[in-house]
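*Asks:* Right, I'll just put the structure down here and ask away after.
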Amino acid sequence: MRPKERRDTGQTDLLRSRLDAIIDMDHALVKLARTIDWSFLEERFGAVYEDTPGRPPLPTRLMAGLAILKHTYDLSDEVLCERWVENPYYQFFCGEEFFQHRLVFDRSSLTRWRQRMGEEKLQALLQESLAVAAKTKAIKPSDLNRIIVDTTVQPKNVMFPTDARLLNRARESLVRLAQRHGVKLRQSYARVGKFALIKHQRYAHAKQFKRANRALKKLRTYLGRVIRDISRKIEGDGWLEQMVFGRILPLARQVREQTQRQRGPKVYSLHAPEVECIGKGKAHRPYEFGVKVSVATTLAHASGGQFVTHVKALPGNPYDGHTLAAVIPEMEALVDNTIERILADKGYRGHNAPPDYKLRVFTSGQKRRTTPQIKRELRRRSAVEPVIGHLKSEHRMGRNYLWHRQGDANNAVLAAAGYNFRRLIRWLSLLLLQILASLGLGHRPFPA
């Protein structure tokens, strides 16, 4: 079924307090809630539902409002549920008329809603944030014509991978799964495997690499014995082979066979095998483990600040310049505008932009086809770096806790939408202060 959307009825209740009677209606979050076109979001998100019998899903404004609040204020799902019960402004933003003393949704509903929407539908939140920015004059439509593009890494919630730890973790996972399903093993290697891991870590710390390699060889041997033992015991049992060990056994074999300097895909985490090793040339962090993300921001610093115009997760660690063929058409569809100029760093040289945009992309250090105005704009290319820093430190892109490739894409889009809505809340607060100051109602110090 389609969700039953809520509308403000204006009715009163003898036993419950209306939210508009107990909150400040000039609050920035209230103004933002009244400016957002919720009907647009209901139309976009409602397209994933079918008119079939069943229990109706939760209202679109409630779920979209929760997603915005989560990434605007950098909250986990659990903390968001706690804050929602305590904060009347959060409830008003999500479409409630009366103050609720208990949750009207379950925490797991947030996860299921994100998975059902996916990256394509969640782009509507980013599109609506730009529409609200233009409506409140935080940004001019002409500011969306010139864009800065850069890539960064969205780290996954995984430990720093080492061969020894991965081998031991794979053995422990196989043994635990075998014990849970009644597969009796000849030996679990729990005690000797633990001591081999400790020895490897101590020898490696002391730079005694020959001894460390011997301990690593033991760990690889223990894992191989467990893999072969389980393969013999479950042979012929289709349910155990496919449903129970169908995912973990191939990963364990790949962990055992991979070497340090091999080319091609490698496993860096058992619970998140999609993680990639990406080197961005940072001295303090040579390698990061996650997924590459393309971030596009406005070139001009508008009245409301610098807004994010497009975000896209790029699995496979592609070359930066080879991402423009997919990024540019999506960006134009999102902002509903034609891009006149794109500024990028030297990593975009030799790009594959569409033919109409070949001469509109300018990279740092470029000499040909640059006018004095373009040279000034190229000096502002680095303005995208603090935006990326805010996305990571304040809007949950610094560590992605969502699962699988879909979680990587969803988290990147939601982080960008949260950043834009945070700028809009700040912009609406400044507008309120300016109005009060013009009316002479600003803050006045008390007389001594």
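*Asks:* When you look at H284, is it open to solvent by 30 Å² or more (accessible area, probe 1.4 Å) and under 30 Å from N145 (Cα atoms), yes or no? Show your work before the answer.
*Replies:* Numbers: open to solvent by 30 Å² or more (accessible area, probe 1.4 Å): yes; under 30 Å from N145 (Cα atoms): no.
In short, no.
*Asks:* Here is a further query. Tell me, yes or no, whether the stretch 155-163 has at least one residue that is hydrophobic (A, V, I, L, M, F, W, C) and open to solvent by 50 Å² or more (accessible area, probe 1.4 Å).
*Replies:* Checked the stretch 155-163: at least one residue is hydrophobic (A, V, I, L, M, F, W, C) and open to solvent by 50 Å² or more (accessible area, probe 1.4 Å).
*Asks:* Considering each of T338, T323 in turn, give the residue that is over 30 Å from G65 (Cβ atoms), open to solvent by 40 Å² or more (accessible area, probe 1.4 Å) and in contact (Cβ under 8 Å) with a residue 60 or more places away in the chain. Working first, answer last.
*Replies:* On the way: T323 fails: open to solvent by 40 Å² or more (accessible area, probe 1.4 Å).
After ruling out the rest, the residue left standing is T338.
*Asks:* Let me ask something else. Can you find, within the stretch 243-279, the residue that is most open to solvent (accessible area, probe 1.4 Å) among those that are under 26 Å from A313 (Cα atoms) and hydroxyl-bearing (S, T, Y)?
*Replies:* Ranking the qualifying residues of the stretch 243-279, first place goes to Y268.
*Asks:* While we're here: Give the residue, chosen from K217, K194, K156, K121, that is touching a strand residue (DSSP E or B) at 6+ places or on another chain (Cβ under 9 Å), of a type in the set (K, R) and at pLDDT 90 or above. It would help to see each step written out before you state the result.
*Replies:* Working: K217 fails: touching a strand residue (DSSP E or B) at 6+ places or on another chain (Cβ under 9 Å); K194 fails: touching a strand residue (DSSP E or B) at 6+ places or on another chain (Cβ under 9 Å); K121 fails: touching a strand residue (DSSP E or B) at 6+ places or on another chain (Cβ under 9 Å).
From the options K217, K194, K156, K121, the qualifying one is K156.
*Asks:* Considering the stretch 164-186 alone, what residues qualify as being open to solvent by 60 Å² or more (accessible area, probe 1.4 Å) and either assigned to a helix (DSSP H, G or I) or among the hydroxyl-bearing types (S, T, Y) (or both)?
*Replies:* If we filter the stretch 164-186 for residues that are open to solvent by 60 Å² or more (accessible area, probe 1.4 Å), which is where we start, we get 165, 169, 172, 176, 179-182, 184, 186.
Selection gives R165, R169, E172, R176, Q179, R180.
*Asks:* Being open to solvent by 80 Å² or more (accessible area, probe 1.4 Å) and charged (D, E, K, R) is the filter here, so list the residues in the stretch 1-25 that pass it.
*Replies:* Selection gives R2, K4, R6, R7, D8, R16.
*Asks:* Can R405 be described as over 21 Å from L144 (Cβ atoms), in contact with a Pro (Cβ under 7 Å, 6 or more places away or on another chain) and surrounded by fewer than 20 Cβ atoms within 10 Å (Cβ to Cβ)?
*Replies:* Values: over 21 Å from L144 (Cβ atoms): yes; in contact with a Pro (Cβ under 7 Å, 6 or more places away or on another chain): yes; surrounded by fewer than 20 Cβ atoms within 10 Å (Cβ to Cβ): yes.
Yes; evaluated as a whole, the condition is true for this residue.
*Asks:* Something else: Give just the number: which of (1) free of Cβ contacts under 8 Å to residues at least 12 places away in the same chain; (2) polar (S, T, N, Q); (3) open to solvent by 40 Å² or more (accessible area, probe 1.4 Å) does Q115 not satisfy?
*Replies:* So the condition that Q115 fails would be (1).
*Asks:* Let me ask something else. Could you please find all residues in the stretch 341-350 being buried (at least 16 other Cβ atoms within 10 Å of the Cβ) and assigned to a helix (DSSP H, G or I)?
*Replies:* Hits for the stretch 341-350 are G347, Y348.
*Asks:* Taking the condition of being part of a loop (DSSP other than H, G, I, E, B) and either of a type outside the set (G, A, S) or under 17 Å from K140 (Cα atoms) (or both), how many residues in the stretch 291-321 meet it? Can you show your working first?
*Replies:* First, pick out the residues of the stretch 291-321 that are part of a loop (DSSP other than H, G, I, E, B): 299-301, 303-304, 306-307, 315-319.
Now restrict to residues that are either of a type outside the set (G, A, S) or under 17 Å from K140 (Cα atoms) (or both): 299-301, 303-304, 306-307, 315, 317-319.
Of the residues in that region, 11 qualify.
*Asks:* From the list V361, V387, exactly one residue is modelled with pLDDT under 90 and open to solvent by less than 80 Å² (accessible area, probe 1.4 Å). Which is it?
*Replies:* Numbers: V387 fails: modelled with pLDDT under 90.
Being modelled with pLDDT under 90 and open to solvent by less than 80 Å² (accessible area, probe 1.4 Å) holds for just one of V361, V387, which is V361.
*Asks:* Next question. Could you look through the stretch 40-82, keep only residues that are among the polar types (S, T, N, Q) and within 30 Å of R426 (Cβ to Cβ), and pick out the one that is most open to solvent (accessible area, probe 1.4 Å)? Even if it seems obvious, please write down each step before you answer.
*Replies:* Within the stretch 40-82, the subset among the polar types (S, T, N, Q) is 52, 60, 72, 76.
Add one more test, that the residue is within 30 Å of R426 (Cβ to Cβ), and what stays is 60, 72, 76.
Details: T60: 6, T72: 1, S76: 35 Å².
Per the stated criteria, the residue is S76.
The values are calculated or read from the model by the stated rules, or taken from the named source; none is laboratory data. What you are looking at is a predicted structure, and each value in this text was computed from that prediction instead of being measured. Quick reminder, even Gly has a Cβ in these numbers, built from the backbone with ideal geometry, and neighbours come from all protein chains shown. The protein model used for the area step is the full one, side chains on, heavy atoms only, and it has no ligands, DNA or RNA in it. Shrake-Rupley method; radii C 1.70, N 1.55, O 1.52, S 1.80 Å.
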